[in-house]
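The values are calculated or read from the model by the stated rules, or taken from the named source; none is laboratory data. Note that this is a predicted model, so its numbers are computed, not measured. Here Cβ is always computed from backbone atoms with ideal geometry, including for glycine, and neighbour counts include all displayed protein chains. Just the protein is used for accessible areas: all its heavy atoms, side chains included, with ligands, DNA and RNA removed. Shrake-Rupley method; radii C 1.70, N 1.55, O 1.52, S 1.80 Å.
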Amino acid sequence: MNAHIRNEGDWVGASVNRKEDRRLTTGQGQYFADKKIPGTLHLVFVRSQQAHARIVSINTDAARALKGVVAVVTGADIRTQIKGLPQPVVVPSFAANYPDFWPLAVDKVKFHGEPVAAVIARDRYVAEDAAALVEIVYDPLPVVTDMEAALAEGAPIVHDGWASNEMFAMNYTGGGTPESEAAHARKVDEALAAAAVVIRRRFRVHRCGVTPLEPRGAMATWDDDGLTAWITTQRPHIDRLALSDVLEIPSDKVRVIAPRDQGGAFGVKAPFYREPILVCHMARVLGRPVRWLETREEHLMSVSQERDQIHNIEIGADASGRIVALRDNAIADNGDGCEGVYWGFVMPFFGAAVLTNAYDIPLCDIRIRVACTNKAVLSPARSFGAFAARFALDRAIDLLARELKIDPADVRRRNLIAELPYTTATGVHHDSGDYAKVFDHLTTLVDLKGFRAEQARSRAEGRHIGIGFSVGAELSGVSSAVLVSMENQPGFGAATVRVDPRGKVQVFEGDAPQGQGHETSMAQVVAQEFGIHPADVSLTTGDTGTTPFGSGTIGARGGSYTVSAVANACRALKSKMATVLLHDLKVEGVPSDVSFRDGRVFLTADPTQGKNFAALAERIVMAPLGLPAGMQAGLDQTEFFEADVPMLTFGAHAAIVEVDPETGIFKILRYVASDDFGTVINPIVVAGQVHGGVVQGLSNTMFEEFVYDENGQQLTATLENYKIANAADMINIESHHEAGSACPHTPLGSRGLGEGIPGPVPAALTNAVCDALAPFGIEVNRLPLRPNTIWRLLQDKAASKG
Amino acid sequence: MMNIEGTHCIAASREVVWAALNDPAALCAFIPGCESIEAHGPNDMAAVVVVKVGPVRARFTGRVKLACVDPPNSYTIVGEGQGGIAGHAKGEAKVRLVSNAAGTVLTYVVTSQVGGKLAQLGLRLIEGTARKLAGEFFARFAARLEPKASAAPREPNGESPVSAR
Amino acid sequence: MFPAPILEYFRPASVGEATRLLSGGAGENAHIIAGGQSLMQAIKSRLISPDALIDLQDIKALRSIHFDKNGLVIGAMTSYADIASDKRIPAAFAALCDAAGHVGDRQVRNRGTIGGSLCWNYIAACLPPTCLGLSATLELQNAAGRRRMVEARAFLKGPLETDRSSDELLIAIHLGPAAARTGSAYRKWGLVTDALPVVNICVSLEVGADHICREARVALGARSEGPTRVEAAELALRGVRKGDVRAIDAALDAAAEAADYQSDLWADAPYKKVLLRKIGREAVTVAFARASGEVGK
Amino acid sequence: MKRAITITVNGQEHEEMVENRLLLVDFLRDVINLTGTHVGCSFEGVCGACTVHLDGVPVKSCLMLAVQADGRSITTVEGLAKNGVLSILQQSFTEHHALQCGYCTSGILMNATEFLQSNPSPSEDEIRASLIGNICRCTGYVHIVAAIKTAAQRLAATRLEVAK
């Protein structure tokens, strides 16, 4: 079955207008900052202006004396009142150095922007007045902001008591003992030595992130029932357990609510952060509601920074371009590493694990070292950890193709995993699909042959156009097999479906979406299953008091795991409803003899025999008399979905650019993505995910960069300096999913999507620029990709030619 | 971090120039916006300086120290201060004196760093301001040491006797 | 982030009332707020904490574009949007529309004013170098009612510094008279479209019927020491024929040399010279075309 | 430090005592509880989420004090739909999936509503340039541009209808 074909009357596969949009276009959304509780106090953090310094003294007298100020707290005040991190529930099952930390700095500050004190006042304006009055005396310490310098002998040590700044290191291949690893490395050496061609390069990806438009926030109340916390979060259930541990409150006394509407997250709202801990603690201490609303400056200084990796890559190939061996010595810059769940290093760990992407590379030697520096910790960002790895390998493959004088598209295709399922050298399971088909669809869409002819003509006219390709085998949900080790959490998707006596359906999801359109997608699935209208389906998310336990809206799990749990819950309820119908009609049969369509439940063989969906629901819920023997009343069903294998989603990207070699300024002429999303639930929503993901990738590649100076001062804490692509800088992204195939591991055949989309972007764009400038022979192996960089490389090349 | 270099010819003897460079009261008069300098010990002073850039004012309180003192040839003057919400700043000037026929040739290399809000916001302002302040400092210095100064006070359009490069 | 407490807010209805407030009525730490698109950033970040604000929005007389015997007169409170969309502005001053039409974004252009931009004189601003390149004369008035005219060149000092004294109000920007066959253009480059300029240039050319430049003015902004005219480039453009790319490039190279650019987050200093040549060519070409009436704004 | 102001918001007059330093966006959100106008940056005024109409013209309400709006008229996103009927532009946004998280949407709608009045048949480049003051982090702008294009066509058709 072609994944995109749908039958008339089907809801799955239809571009249904989103249920969310009426409220969101009329200003009726309920975002975090819109929730107000009378009497709320406002918390403002005082953040370090130093990158690395001992705290000599903190004078809070003037701040306390200001009218309207209720409390001022410092690290010294709270360290004895609450537990610090790490706490088991938010620590991965990996051996690593986990730094101890509290919500406020204790003894010393480790990055520019670290919270040092907090002021709680009657309003935000006054709290900010008071924050300016907190006097902190620092004794500056030597600063380390470079990851390689941080790992070198004699570097300033970020965390007191550590012998080095190495937080995490891993060798993914070779068996796990020093001897076996050495033997394996020798094997790779030999393969590289025997290869017809070897590419050795260093690839550097800068620090940038996803920066949702809505910053973070937390608000807490404390009463006899315990703590209720509203947090901008992707994982309320995990936050609840973590808060219970840190604040030493029984978990049944903690309720976490992620607001129904969240202004984007893209990974940034997935960690367990220090700020909400303090908000909850202060609500308990003061016995009043306390709220913190993050400023953009705080956001850019302390979260939302990712990527920041170096990959030292060697690939060897035979004369046809088939890769025979790969080595990568990767390094990541993890800042202070202080953040629950991910601790910053989980992203680069994962990035290296998925380095081989969708390529069949038989022999690999992959290692990573993660350094602590005087910067903000890495926080997850869409294309989790993989953005840099994707850039490195897909750039290396282009260099390989150039060396062999084969079209990079051909080399790429030749190395794609041909037979699925497949497990990579690092143990990543590729489940199903046809990668070559999806890739071929892309080369057809861009008319590669035609393009090459046009390129030759253009060059003759002095115009420099180029095309670049890349691929991404991205997360489609994350299974427990992966998530338990990586984040110490289960991977299942969870949903409760309730058919009420009026025939309306309520869905309860423990995750916390942030704009992905779950209300609509889940409603489409429910409507499809029950044969009702999506308008009759409502969704409740993100409240630990009312929803089933789930790990959170992460890793493209909405379209893979959660939706599957919803479908399975519907199917269980359908079976029950069908059984009752057969029983009431006194017809012999099995549930599959019964159809659900157009608001009716009826015998497929005799459509006149049946009942309205609502009437049948009412009969089961409100009049549970004479039910089939042994059947329980009610129509609530909770399902936990876990696919039998880990799943991926494959996509291939192409960028076409024109470059002005005099200035290095380039223009994107086309950007085309061919993806396999399996069965597509809502095509327009899917297209939106692709457009947004690609533009985030382009913006990261071209514009965004977190810059620290040599003293660790963060220079990009405003949107004036941290540049995000605007509409005029972007073009219409072309999204295609016709070459996809239904996923055999999910009830609907759907695959998760969205998370990994930025991943292939930097390589596709950079490859295109280098292709356009092929006559000049420059290599861009470092991001960001800016006109200045391109010009500089062209100058250097010209100079070296003399 | 930025570097500003300059050379200045002063019609006064090297000893006179050196003495002025070591006199807190004189330094206070030369440092633009300096409200006070108090000696705390040998080569160690506490200073309050108001830096004014157009309508933006920041008051820095901090330390001024002298290092690598080689009378009457050279020293390094290091200042660092906290400007409250505006951030913090640190600057150091390596000053060298060489006698010539006309008096003394003073060369300086100023390096400065700012942190906190200034570093985030003032990125493009600081370079020009630091140059201006360095220029003003040495222009005043020259003016003070040469009562009938041939060195005119700094003109607004950069036609200053200080050659800042 | 929020402003520090502001004790007084004044909204004078006339220039006289405003200057009286400036000369003491509003206290020592009073600031004028025009469109506020830069000032509010500084106030919210608390780099500036005014005790009093004098809001000029009600002084209707300051919001106008009209012509007098010398040329064009633009009230200081005229918004960028009004300037950018005014079809009467002649080719000689079209650079003004280029600049005003690309400051920030639509919202900023609706609120921000030409007078505010000149008095703020931020390094990365569009209007100061444009007024410099067009040899604008600025009209100021103090509480005593004394009016004085100052050339943009004298008015615009280093970053955030101007020649306006604290009791003066900028009333209007005067442009002209312009010789016949004069055309001007403004161009800028930033990392993203319409961002604060990393380099910018305003070019004004008086061109003969033979398409040869008689007089040229070139002004650059985005320099750490504030906007400046570049005489070397102006000299080099004189006598240059329209379309003589080599000669134009030579003039722009002279401009780049004189610019004394510093590296920043967006471009290194040598690259800024390359950018200047790129946008400069465009500005010169458009100015030539406008001078000979070939293109509009 | 406080001042009595009168601001007409979405046609309704509000008289309030406010601090001089209160930002217009906080007046709208916290004083009169219209929370459809959002805040996405600190002080730089770059994101555009807070865009409202000041006497019919889009401005950023985070770069204004409430006292500056005294005596003037503000329209917020809550004022676009009339009697529960979405405006043509709002409707077009919902049909084109021109929003995901929706946080930037209010500001974009306010900007684009007036843009289409001032430029009734814009080119795609003009639409894109008109959006420079509004950052969207989710959609990649593709569907936003399409929605504005469609709204322009529908508005033109409506005007034609009225003219007939």
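Quick one: net charge around D:C138, please, counting Lys, Arg +1 and Asp, Glu -1 for every other residue with C-beta under 11 Å from its C-beta.
Within the 11 Å Cβ shell, the charges total +1.
Please give the net charge around A:D360, taking every other residue with its beta carbon less than 11 angstrom from that of A:D360, where Lys and Arg add +1 and Asp and Glu add -1.
+1
Using modelled amide H (1.01 Å from N, peptide plane; none on Pro or chain starts), what sits under 5 Å from the amide H of B:V50, excluding residues fewer than 5 places away?
Residues meeting the amide H criterion: B:C34, B:E35, B:F60.
Considering only C:R88, C:R241, C:R109, give the residue with the highest GNM mean-square fluctuation for chain C, with springs between Cα atoms whenever their separation is below 10 Å.
C:R88
Please calculate how many Å² of accessible area chain D carries per residue, with a 1.4 Å probe and no DNA, RNA or ligand atoms counted.
About 33 Å² of surface per residue is accessible.
Taking a point 7 angstrom from the Cα of A:D107 along the C-beta vector, which residues in the range A:310-352 have backbone N less than 19 Å away?
A:336-339
Return the tail of the calculated pair distribution for chain C, meaning the percent of Cα-Cα pairs more than 29 Å apart.
Above the 29 Å cut-off, chain C has 33 percent of its Cα pairs.
Would you list A:H745, A:H206 from the most to the least accessible area, probe 1.4 Å?
Of A:H745, A:H206, the descending order of accessible area is A:H745, A:H206.
Between C:L7 and B:D70, what FRET efficiency comes out of the Förster formula 1/(1 + (r/R0)^6) with R0 = 56 Å and r the beta carbon distance, rounded to 0.05?
The formula returns an efficiency of 0.60 here.
HN-Hα J couplings of the range A:143-159 from phi, Karplus 6.51/-1.76/1.60, θ = phi - 60°, integer Hz, Gly and Pro as x?
After applying 6.51 cos²θ - 1.76 cosθ + 1.60, I find 10, 10, 10, 10, 5, 6, 5, 5, 8, 7, 3, x, 5, x, 9, 6, 9 Hz.
Which one of C:V203, C:T19, C:A254 has its Cα pushed farthest toward the positive end of the charge dipole of chain C, where Lys and Arg give +1 and Asp and Glu give -1 at the Cβ?
The residue sitting most towards the positive pole is C:V203.
Taking all protein chains as present, what is the carbon and sulfur share of the accessible area of the protein assembly as shown, in % to the nearest whole number, probe 1.4 Å?
Ligands and nucleic acids excluded, carbon and sulfur give 51 percent.
Roughly how large is the D-A contact in terms of buried accessible area, totalled over both chains, probe 1.4 Å, nearest 100 Å²?
4400 Å²
Measure off 7 Å from each Cα along the Cα-to-Cβ vector at C:R148 and A:S15, then give the distance between these two points in nanometres to one decimal.
The modelled label-to-label distance comes out at 6.5 nm.
What are the residues whose amide H is under 5 Å from the amide H of A:T716, where those residues sit 5 or more places off or on another chain and H is modelled from the backbone?
The list, which skips near neighbours in sequence, is A:V707.
Do the sum for chain C: with -39,500 (n - 2.57) for every DSSP H run of n ≥ 4, divided by all residues, what is the mean residue ellipticity at 222 nm, to the nearest 500 deg cm²/dmol?
-8500 deg cm²/dmol
Given a 1.4 Å probe and no ligands, DNA or RNA in the count, how much accessible surface is buried by B and C, both sides, to the nearest 100 Å²?
The buried area between B and C, both sides summed, comes to about 2000 Å².
How big is the Kirkwood radius of the range D:88-163, worked out from every pair of different alpha carbons and given in Å to one decimal?
Answer for the range D:88-163: a Kirkwood hydrodynamic radius of 12.3 Å.
Dipole magnitude of the range B:2-145 about its Cα centre, charges +1 at Lys/Arg Cβ and -1 at Asp/Glu Cβ only, in debye to the nearest 20?
440 debye
Based solely on its DSSP helices, what 222 nm [θ] is calculated for chain A when runs of n ≥ 4 H residues each add -39,500 (n - 2.57) and the sum is averaged over all residues, nearest 500 deg cm²/dmol?
Computed ellipticity for chain A at 222 nm equals -9000 deg cm²/dmol.
With each label point set 7 Å from Cα along the Cα-Cβ vector, what nm distance links A:Q609 and C:H66?
9.1 nm
Mind checking the mean number of beta-carbon atoms from other chains within 10 Å of the Cβ atoms in B:38-49?
The mean count of partner-chain Cβ atoms within 10 Å per residue comes to 0.
Pick from C:M77, C:M149, C:M40: which residue has the top mean-square fluctuation in a GNM of chain C where Cα pairs under 10 Å get a spring?
Greatest mean-square fluctuation among the candidates belongs to C:M40.
Over the alpha-carbon set of the range C:8-55, divide Rg by the Kirkwood Rh and report the Rg/Rh ratio to two decimals.
Over the Cα atoms of the range C:8-55, Rg/Rh equals 0.98.
What ³J(HN,Hα) values, in whole Hz, does the Karplus curve 6.51 cos²θ - 1.76 cosθ + 1.60 give for the range D:12-25 when θ = phi - 60°, with x put for Gly and Pro?
10, 7, 10, 9, 9, 8, 10, 5, 4, 7, 5, 6, 4, 5
Exactly which GluC sites (Glu not before Pro) in the range A:691-735 are in a DSSP loop and have at most 12 other Cβ atoms within 10 Å?
Answer in residue order: A:E710.
Run the simple label-point estimate for D:Q12 and A:K797 please: 7 Å along Cα→C-beta, distance reported in nm.
It works out to 6.3 nm between the two label points.
For chain A, what proportion of DSSP beta bridges, expressed in % and rounded to the nearest 5, is antiparallel?
80 percent
Mind listing, in residue-number order, the residues in the range C:122-164 that have at least 50 Å² less accessible area with every protein chain present than in their own chain alone (1.4 Å probe)?
Residues passing the criterion (a loss of at least 50 Å², heavy atoms only) are C:Y122, C:L160, C:E161.
How large is ³J(HN,Hα), in whole Hz, for each residue of the range A:486-492 in order, when computed from phi with the Karplus curve 6.51 cos²θ - 1.76 cosθ + 1.60 and θ = phi - 60°, using x for Gly and Pro?
With the stated coefficients, the range A:486-492 comes to 6, 10, 6, 9, x, x, 4 Hz.
Take each of the peptides B:3-9, B:133-139, average the number of other beta-carbon atoms within 10 Å over its residues, and list them starting from the highest.
Packing proxy ranking, top to bottom: B:133-139, B:3-9.
Counting other C-beta atoms within 10 Å, and keeping those with at most 12, which DSSP coil GluC sites (Glu not before Pro) do you find in the range A:238-328?
A:E248
Ignore the peptide's own chain and count Cβ atoms of other chains within 10 Å of each Cβ in D:83-95; give me the average, rounded.
3
Given all pairs of different Cα atoms, what value in angstroms does the Kirkwood hydrodynamic radius of the range C:60-175 take?
Hydrodynamic radius (Kirkwood, Cα pairs) of the range C:60-175 is 14.0 Å.
Under 12 Å from a label point 7 Å along Cα→Cβ of A:V137: give me every residue in the range A:41-55 with its amide N that close.
A:55
Could you compute how much accessible surface A:H533 exposes when probed at 1.4 Å, giving the result in Å² to the nearest 10?
90 Å²
Do any residues of the range D:122-154 show a loss of at least 30 square angstrom of accessible area between the isolated chain and the full protein assembly, using a 1.4 Å probe, and if so which?
Residues meeting the cut-off: D:R128, D:I132, D:I135, D:R137, D:C138, D:G140, D:Y141, D:V142, D:H143.
Checking an interface number: how much accessible area is buried between A and C, summed over both chains, with a 1.4 Å probe, in Å² rounded to 100?
Accessible area lost upon association: around 2400 Å².
Please identify the GluC sites (Glu not before Pro) of the range A:336-442 that satisfy two criteria: DSSP loop assignment and at most 11 other Cβ atoms within 10 Å. Which are they?
Here the sparse-neighbourhood loop sites are A:E419.
Against the 2.2 N^0.38 Å scaling, with N counting residues, where does chain A land? I'd like the Cα-based Rg ratio to two decimal places.
0.99
Across 10 Å bins from 0, what is the distribution of all Cα-Cα pair distances for the protein assembly as shown, in whole percents?
1, 8, 15, 20, 21, 17, 10, 4, 2, 1, 0, 0, 0
Rank C:L21, C:L265, C:L127 by mean-square fluctuation in a GNM of chain C with C-alpha springs under 10 angstrom and give only the top-ranked residue.
Judging by the Gaussian network model, the answer is C:L265.
Between the range C:109-181 and the range A:499-519, how far is it from one alpha carbon centroid to the other, in angstrom?
Each part reduced to its Cα centre gives a spacing of 59 Å.
Which cross-chain or sequence-distant (5 or more) residues have an amide H under 5 Å from the amide H of D:R137, H modelled 1.01 Å from N in plane?
Those lying under 5 Å, H to H, from D:R137 are A:L213.
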